[in-house]
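The structure appears right after this line, and notes come after that.
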Amino acid sequence: MFDKLLITDLEVKGKKVLMRVDFNVPLDVERRITDDTRIVAALPSINYVLDHGGSVILMSHLGRPKGKKQPEFSLAPCATQLSHLIGHEVKMAPNCVGSEVDTLAGELKPGEVMLLENLRFHLAEEHPEQDPLFAKQLAQLGDCFVSDAFATAHRSHSSTVMVPTLFPGKAAAGFLMAQELKFLGDTFLDPKRPFHAIIGGAKVSSKIGVINALCEKVDTLFIGGGMAYTFFKAQGFDIGDSIHEDKFLETARDILRNYQSAGVKLYLPVDHVVADHISEDAQVLQLDTFQNVPAGFQGVDIGQKTIEIYSKALQNASTIFWNGPLGVFECPPFAKGTESIARTVAKLSAVSVVGGGDSVAAIKAARLEDSITHISTGGGACLEFIEKGTLPGIEVLSSKNTVLRH
């Protein structure tokens, strides 16, 4: 399915490769990186360029500085960590555009790496229309372009959509991007069946597109998490203080009708755990049936019956896609449902794809990442790819038949 240029199609020897990566890593209060997974994920593409005689100019965002230079959002910790990972210095640029950056880029020698400062220190990164010159300033730093930030490929930002267009025939996908597209393409365009999807998370509004798209793709859909309560209220249940979205009650009813009409099995929880507030010392009730939630209580996890029903129904799966936790898994007393289903999925021989930050965090918390076929680096990008079959940041990459070697 992937007819776009790959990093291996580029001539990188003696070239400066401008590479969009995703270094949006979590930092603690002392600005130390607490999880460098995203930096490690970019290493194959970075090392490929270095090993083949090129230099690398990396660009990324970090957090939401809203167009202003803010020290707490500097990418400097990422430069330090990357230096440690590749075994030699990564030059940290003071900005991502400007004369000083131009000079540093011009002096970069083969085998060297430079990390540009946070792209989102400039409003034009998230709002390209406000300053088209920003993308041109970024593009002039490199000889060719590599996109290796799948997690941002659904955003029409300067670095993801505008910059690649300024490298006709020389805008390629990196190894991480190619890997993501292969797994997601294989999973959703030609899945091995039965194909089951598990969708959780807090809000149904953010999952409408993917739930509707999955109706045409999956054999079974399992729903959990806070979003389930919008479905229950739509059916007339009293959900107490459970999270829900009144604006999407009719949408929820439409989804239930559409799945029924399509003959696709849709599972909702049959029992649940409720609490008077979200904390480890909360008053907790186990409701053995999906009876009305008492006033002052909210749903926080799927119940044991639901765990057993979902686990049994998943046993025949050949392909599984999972996005979104099934309860408030960050709070240990309410993590059982998510962890139990994670263990079920991990034990199966099915091809398993997990996408979305919270889903991935739950898998890692249970130390099951080695038992999952593919863990996607992008939640929103993953969902939009399933819904639309492509992403803005993919469309702008060069096609294989337009490769320019010189």
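The values are calculated or read from the model by the stated rules, or taken from the named source; none is laboratory data. Predicted model, so just to flag it, every value in this text is computed and none were measured. Heads up, the Cβs are rebuilt from the backbone with ideal geometry, glycines too, and the neighbour counts pull from every protein chain shown.
So that you can scan it fast, the table gives a plain yes or no per residue for (1) outside the structural domain of L115 (by TED's automatic domain parsing); (2) acidic (D, E); (3) part of a helix (DSSP H, G or I); (4) within 22 Å of R155 (Cα to Cα):
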| position | (1), (2), (3), (4) |
| --- | --- |
| R38 | no, no, yes, yes |
| A41 | no, no, yes, yes |
| I46 | no, no, yes, no |
| L58 | no, no, no, yes |
| P65 | no, no, no, yes |
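Looking at region 1-16, is at least one residue at pLDDT 95 or above, under 19 Å from the mean Cα position of the chain (by Cα) and within 30 Å of F188 (Cα to Cα)? No.
For every residue, the table says whether it meets (1) out of contact with any Pro (no Cβ under 8 Å at 6 or more places or on another chain); (2) part of a helix (DSSP H, G or I).
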{"residue": "C96", "(1), (2)": "yes, no"}
{"residue": "V101", "(1), (2)": "no, yes"}
{"residue": "G111", "(1), (2)": "yes, no"}
{"residue": "E129", "(1), (2)": "yes, yes"}
{"residue": "L138", "(1), (2)": "yes, yes"}
{"residue": "V146", "(1), (2)": "yes, no"}
{"residue": "A151", "(1), (2)": "yes, yes"}
{"residue": "T160", "(1), (2)": "no, yes"}
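For region 291-303, the candidate set comprises residues that are over 32 Å from the mean Cα position of the chain (by Cα) and hydrophobic (A, V, I, L, M, F, W, C); within that set, the residue that is surrounded by the fewest Cβ atoms within 10 Å (Cβ to Cβ) is A295.
Looking across region 367-398 at every residue that is hydrophobic (A, V, I, L, M, F, W, C) and assigned to a helix (DSSP H, G or I), the one that is nearest to C215 (Cα to Cα) is identified as I386. Here G87 passes the criteria (1) touching a residue at least 24 places away in the same chain (Cβ under 8 Å); (2) at positive phi except the one numbered (1).
Could you say which residue among G355, G337 is within 27 Å of S205 (Cβ to Cβ) and modelled with pLDDT of 95 or more? Criteria check complete, one pass: G337. Among residues of region 346-371 being touching a helix residue (DSSP H, G or I) at 6+ places or on another chain (Cβ under 7 Å) and surrounded by 21 or more Cβ atoms within 10 Å (Cβ to Cβ), the one that is farthest from T37 (Cα to Cα) is S352. R64 meets all of the listed conditions (1) free of Cβ contacts under 8 Å to residues at least 60 places away in the same chain; (2) under 23 Å from L166 (Cβ atoms) but one, namely (2).
For region 12-36, what are the residues that are part of a loop (DSSP other than H, G, I, E, B) and farther than 18 Å from Q81 by Cβ? Explain how you work it out, then say what you get.
Within region 12-36, the subset part of a loop (DSSP other than H, G, I, E, B) is 12-15, 21-26, 28-32, 34-36.
Listed by number, the residues that qualify are V12, K13, G14, K15.
Scanning region 159-169 for residues that are crowded, with 24+ Cβ neighbours inside 10 Å and hydroxyl-bearing (S, T, Y) gives S159, T160.
Restricting attention to strands (runs of 3 or more DSSP E) lying wholly within region 170-274, give those where 3 or more residues are buried (at least 21 other Cβ atoms within 10 Å of the Cβ).
Result: 171-173, 195-199, 220-223.
Selection of first residues in region 25-41 that are in contact (Cβ under 8 Å) with a residue 24 or more places away in the chain and of second residues that are of a type in the set (K, R) and not in a loop (DSSP other than H, G, I, E, B), restricted to Cβ pairs under 8 Å at least 6 apart or on distinct chains, gives the following pairs, ordered by first then second residue: V25/R38. Screening the candidates A93, A124, A79, A105 for the property of being closer than 17 Å to S45 by Cβ and among the small types (G, A, S) yields one hit, A79. Among the residues examined, A124 does not qualify as in contact (Cβ under 8 Å) with a residue 60 or more places away in the chain and over 20 Å from K13 (Cβ atoms).
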